[in-house]
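Each remark here refers to the structure printed beneath this line.
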Amino acid sequence: MFSKILIANRGEIALRIIRACREMGVQTAVVYSTADRDAAYVKLADQAVCIGAAAPAESYLNIPRIISAAEITDVQAIHPGYGFLAENAHFAEVCRSCKIEFIGPSVAAMAAVGDKVECKRLAKKVKVPTVPGSEGSVDDERAALAIANEIGYPVIIKAAAGGGGRGMRLAHNEVSLRAGIAAAQAEAENAFKNSTVYLEKYIEHARHVEVQILADHHGNAIHLFERDCSLQRRHQKLVEESPSPLLSDETRQELCAAAIRLVKAAGYTSAGTVEFLVDNKQKHYLLEVNARIQVEHPVTELVTSTDLIREQIRIAAGEVLSYKQKDLRQTGHAIECRINAEDPARSFAPCPGTIEQLRVPGGPGVRLDTHVYAGYRIPPNYDSLIAKLLVHRPTRREAIATMRRALSEFYISPIKTTIPLHLQIMDNESFLSGHTDTGFIERTMLAK
Amino acid sequence: MSEKKSAKKASSPRSPSVPGSPMDVGLLQQIISLMATNDLNTVDVRDGNRRIILKRGAAPVAVPMAAAPAPLAASPVAAAGAASHTPSSPRDEEASFKSIASPMVGTFYTAPSPDAEAFVAVGSSVAEDTDVCVIEAMKVFNNIKAECRGTIAKILVQNGQAVEFGQTLFLVKPA
């Protein structure tokens with residue numbers, strides 16, 4: 001086991017990793033930008049290194065500075081968290097060439113699943129159904145139109161190097177496709193330094209269902225069942241739950257088995273998530289693979305009684321998985337609400353600033369993962385996630401009731417948050433019956 | 001606030017000051033003059049469940065929380081205990097000093113190589129492009145420039161010490 005690791009991230013995930021390390025007796029060093037200098041979680045690490053100014057390029061995305069921090073704190077491994085450099089193959093390579101273990105998959109596995117086009121090719125090889133679309137990238141308008149006519153509109157144009165819901169455009173007909181291709185290529189070049197785009201059939205009214213996997217360096221690969229993340233706004237997840245309501249057991253088994261086949265074929269290790277779209281006939285299609293730990297990982301931790309961060313660290317240290325597939329169960333129902341510092345009344349405009357009053361929920365079945373506290377200043381430079389509120393109860397009905405209670409106890413002032421939106425979701429008929437899909441929130445709750 | 005209350009108590013006939021207790025005005029005056037003579041800035045006196053804290057001079061610099069991480073550099077102005085009251089003029093002078101801060105994360109070296117002479121020492125004159133030290137990161141050695149004009153007043157880090165972004169390395173008395 002490592003004696004010390006560096007956490008190359010911030011906020012709630014940095015705190016989550018520090019917590020896992022403290023329980024394992026592993027020393028921690030955390031990097032921070034000048035904007036995070038006074039954050040309380042920084043003081044919980046054994047060592048803290050300021051690596052630069054607030055802008056991510058100067059700090060959390062700055063590979064030389066992070067590596068330098070790792071060297072002077074003399075760590076054996078780096079945990080990249082999620083976002084930032086978590087899926088940056090170059091960063092993983094630099095770490096390992098400096099004899100510092102990167103807590104995540106190998107560079108080869110990252111490349112195999114990170115490029116959406118390559119991942120689809122791999123999926124086809126192991127008979128994992130993929131969304132009908134262009135076989136590879138689409139280079140020009142003519143090719144795009146031909147494919148769209150073949151698979152049928154509506155289609156979605158996606159950036160091969162995109163992720164996290166970014167770099168996607170919908171086209172309902174030839175006209176919008178023509179306009180969309182060039183624009184999508186330009187956006188992709190700008191955002192991801194890679195203008196490669198591909199086309200897929202747009203599956204309407206689909207559910208987003210993802211499978212959590214863990215794989216070690218001893219050939220063991222297991223799944224920890226699925227999470228349903230259909231409630232989204234602009235492709236950003238708002239609410240996640242497990243088990244996925246209305247998913248048949250048969251489909252569940254197929255999804256989990258497909259996920260295992262895919263990660264084994266990719267030689268994937270560490271934690272990862274295989275995302276699928278499931279239509280209203282339980283037909284499923286591979287969406288993408290996330291080669292990192294995800295924001296919503298606690299949903300799985302609750303229903304399966306596991307510790308995914310601990311497992312990631314153990315896997316990276318060369319240990320065998322703690323869990324055997326036959327022993328894993330989904331018990332009860334868990335829901336997570338992502339609390340963002342955004343104002344739903346003003347188109348979700350971000351609300352950085354100081355939290356003056358904070359009263360957090362608690363009681364049976366409630367888990368709160370957050371780095372914030374009364375007096376904490378939310379910096380304007382990073383994403384707006386300030387807390388993850390989770391519940392775990394024996395049934396979905398009880399979980400929703402507990403979430404309603406917990407949300408109503410949660411008081412943050414004067415920062416505006418998405419708590420009111422979540423309360424509305426917990427009261428929504430369609431959500432209660434489980435009949436939602438990825439377009440649901442925008443269609444029904446946010447439509448003007 | 002508590003000092004005011006105690007003073008009131010001491011002079012009230014209903015609670016006569018007990019000689020030798022913290023509420024004894026005579027004792028307080030002795031303590032105050034002792035503080036001045038011996039250059040103490042804080043005295044905390046208890047007697048049973050009565051207590052008085054006397055402070056004089058500039059407020060001491062806050063001591064970091066018990067749970068604070070091990071700082072990479074020993075802070076040069078870390079307060080400890082009682083005798084940190086410095087006469088006001090050197091303090092004011094220091095406030096006018098410019099600081100040279102580390103622009104990167106790495107290891108600080110005073111000289112370009114182990115057997116070479118240090119770039120600067122206390123008293124050395126520097127101009128904007130004077131090399132003051134080297135910071136090594138990932139086997140690359142970076143010469144750090146003064147970026148100000150004056151004389152080196154203090155060197156706050158040691159040769160071979162790990163430094164972080166923004167950490168103060170030198171204090172420079174402006175020209």
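The values are calculated or read from the model by the stated rules, or taken from the named source; none is laboratory data. Nothing here was measured: the structure is a model prediction, and the numbers come from that model. Every residue, glycine among them, receives a Cβ derived from its backbone with ideal geometry; neighbour counts consider all protein chains shown.
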Practice problem: Please tell me if A:Arg142 is at pLDDT below 95, within 23 Å of the chain's Cα centre (by Cα), over 25 Å from A:Gly83 (Cβ atoms) and not β-branched (Val, Ile, Thr). | Solution: no
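Please verify whether the stretch A:350-358 includes one or more residues that are touching a residue at least 24 places away in the same chain (Cβ under 8 Å), under 24 Å from the mean Cα position of the chain (by Cα) and crowded, with 18+ Cβ neighbours inside 10 Å. Steps first, answer last, please.
Applying the first criterion (touching a residue at least 24 places away in the same chain (Cβ under 8 Å)) to the stretch A:350-358 yields A:350-358.
Going one step further and asking which of them are under 24 Å from the mean Cα position of the chain (by Cα), we end up with A:350-352.
Imposing the further condition that a residue be crowded, with 18+ Cβ neighbours inside 10 Å reduces the set to A:351.
Scanning the stretch A:350-358, I find at least one residue that is touching a residue at least 24 places away in the same chain (Cβ under 8 Å), under 24 Å from the mean Cα position of the chain (by Cα) and crowded, with 18+ Cβ neighbours inside 10 Å, so the answer is yes.
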Quiz prompt | Conditions (1) at the interface with chain B (Cβ under 10 Å from one of its Cβ atoms); (2) of a type outside the set (Phe, Trp, Tyr); (3) surrounded by fewer than 21 Cβ atoms within 10 Å (Cβ to Cβ); (4) under 30 Å from A:Gly219 (Cβ atoms): number failed by A:Lys43 | solution = (4)
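Give the stretch A:1-21 a look and list any residue that's among the charged types (D, E, K, R) and more than 25 Å from A:Ile378 (Cα to Cα), or say none. Please lay out each step first, then the result.
So in the stretch A:1-21, the residues among the charged types (D, E, K, R) come out as A:4, A:10, A:12, A:16, A:19.
A:Lys4 - this is the single residue of the stretch A:1-21 that is among the charged types (D, E, K, R) and more than 25 Å from A:Ile378 (Cα to Cα).
Let me confirm something: among A:Ala112, A:Ala92, A:Ala69, which residue is over 19 Å from A:Ala259 (Cβ atoms), among the small types (Gly, Ala, Ser) and more than 14 Å from chain B (Cβ to nearest Cβ)?
On the way: A:Ala112 fails: over 19 Å from A:Ala259 (Cβ atoms); A:Ala69 fails: more than 14 Å from chain B (Cβ to nearest Cβ).
Every option except A:Ala92 fails the conditions.
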Quiz item: Does any residue of the stretch A:124-138 turn out to be aliphatic (A, V, I, L, M), within 30 Å of A:Glu150 (Cβ to Cβ), in a strand (DSSP E or B) and in contact with a helix residue (DSSP H, G or I) (Cβ under 8 Å, 6 or more places away or on another chain)?
Solution: yes
Quiz item: Is it true that A:Arg393 is assigned by TED's automatic domain parsing to the domain that holds A:Ile441, in contact with a Pro (Cβ under 9 Å, 6 or more places away or on another chain), modelled with pLDDT of 95 or more and among the basic types (Lys, Arg)?
Solution: yes
Exercise. Determine which single condition A:Val299 fails, assuming it passes every other condition in (1) without any contact (Cβ under 8 Å) to a residue 60 or more places away in the chain; (2) closer than 30 Å to A:Lys116 by Cβ.
Key: (1)
Self-check item: Which numbered condition A:Glu200 misses (of (1) of a type in the set (Asp, Glu); (2) farther than 23 Å from A:Ser230 by Cβ; (3) crowded, with 22+ Cβ neighbours inside 10 Å)
Solution: (2)
Self-check item: Meets criteria (within 14 Å of chain B (Cβ to nearest Cβ) and farther than 27 Å from B:Gln167 by Cα) for A:Ser97
Solution: yes
Quiz prompt | Single unsatisfied condition, A:Val289 versus (1) within 25 Å of A:Arg396 (Cβ to Cβ); (2) not in a loop (DSSP other than H, G, I, E, B) | solution = (1)
Quiz item: Conditions: (1) among the charged types (D, E, K, R); (2) crowded, with 24+ Cβ neighbours inside 10 Å; (3) in a loop (DSSP other than H, G, I, E, B). A:Arg65 meets all but one. Number of the miss?
Solution: (3)
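Residue by residue, here is whether (1) in the same structural domain as A:Asp383 (by TED's automatic domain parsing); (2) surrounded by fewer than 24 Cβ atoms within 10 Å (Cβ to Cβ); (3) under 23 Å from A:Lys124 (Cα atoms) holds:
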| site | (1), (2), (3) |
| --- | --- |
| A:Ala221 | yes, yes, yes |
| A:Cys229 | yes, no, no |
| A:Leu247 | yes, yes, no |
| A:Thr251 | yes, yes, yes |
| A:Arg310 | yes, yes, no |
Practice problem: Taking the options A:Ser384, A:Ser347, name whichever one is touching a strand residue (DSSP E or B) at 6+ places or on another chain (Cβ under 9 Å) and of a type in the set (Ser, Thr, Tyr). | Solution: A:Ser384
Quiz item: Can you name the condition, by its number, that A:Gly167 falls short on among (1) of a type outside the set (Asp, Glu); (2) at pLDDT 90 or above; (3) outside any loop (DSSP other than H, G, I, E, B)?
Solution: (2)
Quiz item: Across the stretch A:170-199, what is the number of residues that are part of a loop (DSSP other than H, G, I, E, B) and aromatic (Phe, Trp, Tyr)?
Solution: 0
Quiz item: Which of (1) within 16 Å of A:Gln312 (Cβ to Cβ); (2) within 14 Å of chain B (Cβ to nearest Cβ) is the odd one out, the single condition A:Glu58 does not satisfy?
Solution: (1)
